[in-house]
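The values are calculated or read from the model by the stated rules, or taken from the named source; none is laboratory data. Everything quoted here is computed from the prediction, not taken from an experiment. In this analysis, Cβ positions are derived from the backbone assuming ideal geometry, glycine residues included, and neighbour counts consider all displayed protein chains.
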Amino acid sequence: MTVRTRYAPSPTGVPHVGNIRTALFSYLLARRLGGQFILRLEDTDRARLVPDSIPKISESLQWLGLDYDEGPDIGGPYGPYTQSERLDQYQAAARRLIEQGDAYDCWCSSERLDAVRAEHQRLKQPPQYDRRCREDAGQAQAKREAEAEGRSPVVRFKTPREGTVTLEDPIHGSTPFDVATIDDFVMLKSDGFPTYHLAYIVDDDAMKITHVIRGDEWIPSAPRHLLIYGALGIEPPVLAHAPRILGPDGAKLSKRHGATSVFEYRDEGYLPEALFNFLGLIGWSLDDKTEIISKAEFIEHFSLERIVRNPAIFNAEKLQWMNGVYIREVIPEPDLVTMFVDRLEADFPPEIPRPIDRQLVAHVVPLIKERVKLLSEVPAYCDFFFTDNLSWSKEELLGKAYAGRPADAKAALGAVATSAVDVTWTHDDIEAALRSLADKLGAKAGDLFSLVRVAVTGKRVTPPLFESMEILGRERCLERLSQAASLVS
Ligand code: GLU
């Protein structure tokens, strides 16, 4: 048997990280077991459809590295992979269930259904359809009314009045449900579109899906699904319900807790590799302690059995830490150079000339990768390597140490320039020269270094000064020292 898993989002908005996490688990299971991972669009809720979100779904999967083997944009042997293009299949399944006595047309008006619901509420009973159309007489009357008003029927499942169905879930174990509490639920709406319950079952069967990993909010619907599987004579796939993701306050993860879309994380400067790692550990663990796990290791070790049952917390600080680890230690330097170049190309102001010098970035990366956690911090941290237009003010240059002493600052900058003329241009020698100069001037080394730092970089917080000066080169440093000297005087 070939393992086939799927990610089946409803295109109702920008993909949410919680939702993508189930995609990630489905992807990992398929790759672990040498199977296929499929993308299917569940666009049957026409009222909530956001057409713009469709391309964003594939884009977010691709960005995260969740390549799929079949899908709406790439096709495959079991297409179409968009539910609105498969209506005939759901309608055929519903007809079959009607013919075999497991479903029926319900012609009741929405006003009547509202009244029934209100009555159930008044009697403090669970709000259920009263099954009028389940009986021939009631159905005939409702049909006459509906036809007079030009309304079409829905198809409801004829839920048995007693019995038990049992959900066997590799994560949650075995859960029996009493079917007597289950409504005669709608499978096909009056516009001919199916509800989720019918649609996904028909599709998973047609697409030979072997394992469904979905959020645990679907557990309460699972007994209905088991009834449909039974009536259609379909052997259910493995149904695994992954724990929901909560914010640190214990509420369902939402905008309130910060970014929720994959694109927001991308734009804030998270690496797809780090987000992959982070999401893979929300509700799953390798051994309860290992935090940094590569995609290859996830694929090698992933198993449904290690998915936990309890809700999992989304810890944004941990994600930021993890992103820093990926930048510092995990991503090979040539790849990091490419990421930095892309970021600088995109984020530098237009005054900074393009294309960005890749060679220069390669020199800068080792200096700054230790110090940034997000790619979005990179441009402001290293712009002075890429432009000679520094915008310091006199106050910034003087700083605390030289405040009110512009003449001393000017003399110090001049002395630095003089000693820079014939020092060997390596960071060690530059540092040694400036230390002995500080001695000579009777200045604190730290004060002198700050002055030089602002003079050559335009800012107070920078990558290591002497390494930066080495990369900038003697000429550019001398030019900046002289400009700074004339600014303070
Ligand atoms: N369309 C459903 C959703 O987005 C899919 C659930 C499932 O994976 O079956 O929640």
Discussion item. In contact (Cβ under 8 Å) with a residue 40 or more places away in the chain and of a type in the set (A, V, I, L, M): is that true of LEU437 in this structure?
Written reply: no
Discussion item. If I go through segment 34-55 residue by residue, how many of them are in contact with a Pro (Cβ under 6 Å, 6 or more places away or on another chain) and not in a loop (DSSP other than H, G, I, E, B)?
Written reply: 3
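Would it be correct to say that LEU39 is surrounded by 17 or more Cβ atoms within 10 Å (Cβ to Cβ), of a type outside the set (S, T, N, Q) and away from the ligand (no atom under 14 Å from the Cβ)? Step through it out loud before you land on a result.
Details: surrounded by 17 or more Cβ atoms within 10 Å (Cβ to Cβ): yes; of a type outside the set (S, T, N, Q): yes; away from the ligand (no atom under 14 Å from the Cβ): no.
Judged against the criteria, LEU39 is not a match.
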Worksheet item: Any idea which residue in segment 107-126 is farthest from GLU149 (Cα to Cα), counting only those that are loosely packed, with under 12 Cβ neighbours inside 10 Å and of a type in the set (A, V, I, L, M, F, W, C)?
Response: LEU123
Worksheet item: Considering only segment 7-28, how many residues are more than 9 Å from the ligand (Cβ to nearest atom) and assigned to a strand (DSSP E or B)?
Response: 1
Response to the item:
In segment 460-489, anything of a type in the set (D, E, K, R) and modelled with pLDDT under 95 is listed as ARG460
Worksheet item: Within segment 384-404, how many residues are among the charged types (D, E, K, R), within 20 Å of GLU470 (Cβ to Cβ) and free of Cβ contacts under 8 Å to residues at least 60 places away in the same chain?
Response: 0
Worksheet item: Are any of the residues in segment 149-167 in contact with a Phe, Trp or Tyr (Cβ under 6 Å, 6 or more places away or on another chain), closer than 29 Å to PRO237 by Cβ and of a type outside the set (Lys, Arg)?
Response: yes
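Table: residues versus (1) at pLDDT below 95; (2) among the hydrophobic types (A, V, I, L, M, F, W, C); (3) at positive phi; (4) surrounded by fewer than 19 Cβ atoms within 10 Å (Cβ to Cβ).
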residue	(1), (2), (3), (4)
ARG343	no, no, no, no
HIS363	no, no, no, yes
PRO366	no, no, no, yes
LEU375	no, yes, no, no
PHE384	no, yes, no, no
SER393	yes, no, no, yes
ALA401	yes, yes, no, yes
ARG405	no, no, no, yes
Worksheet item: Applying the selection to segment 117-162, what residues are at pLDDT below 95 and touching a strand residue (DSSP E or B) at 6+ places or on another chain (Cβ under 6 Å)?
Response: none
Practice prompt. Please list, ordered by first then second residue, the pairs with beta carbon atoms under 6 Å, 6 or more apart or interchain, first in segment 294-307 and closer than 28 Å to ILE327 by Cβ, second among the small types (Gly, Ala, Ser).
Written response: PHE298/GLY280
Worksheet entry | Lone qualifier among ASP267, ASP335 - being free of Cβ contacts under 8 Å to residues at least 12 places away in the same chain and under 22 Å from ASP67 (Cα atoms) | ASP335
Worksheet item: With respect to GLU291, is the statement that it is surrounded by fewer than 19 Cβ atoms within 10 Å (Cβ to Cβ), of a type in the set (Asp, Glu) and in contact with a Leu (Cβ under 8 Å, 6 or more places away or on another chain) true?
Response: yes
Worksheet item: Taking segment 468-489 as the region of interest, how many residues are buried (at least 20 other Cβ atoms within 10 Å of the Cβ) and among the charged types (D, E, K, R)?
Response: 2
Worksheet item: Hey, among ARG31, ARG96, ARG4, ARG86, which residue is more than 20 Å from the chain's Cα centre (by Cα), surrounded by 14 or more Cβ atoms within 10 Å (Cβ to Cβ) and away from the ligand (no atom under 16 Å from the Cβ)?
Response: ARG96
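Listed here are the residues, each with its yes/no results for (1) within 26 Å of the chain's Cα centre (by Cα); (2) not aliphatic (A, V, I, L, M).
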| site | (1), (2) |
| --- | --- |
| ALA231 | no, no |
| PRO236 | no, yes |
| ALA242 | yes, no |
| GLY250 | yes, yes |
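For (1) in contact (Cβ under 8 Å) with a residue 60 or more places away in the chain; (2) of a type outside the set (Phe, Trp, Tyr); (3) within 19 Å of ALA199 (Cα to Cα), each residue gets a yes or a no:
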{"position": "LEU29", "(1), (2), (3)": "yes, yes, no"}
{"position": "GLN36", "(1), (2), (3)": "no, yes, no"}
{"position": "ARG40", "(1), (2), (3)": "yes, yes, yes"}
{"position": "LEU49", "(1), (2), (3)": "no, yes, yes"}
{"position": "GLU85", "(1), (2), (3)": "no, yes, yes"}
{"position": "ASP88", "(1), (2), (3)": "no, yes, yes"}
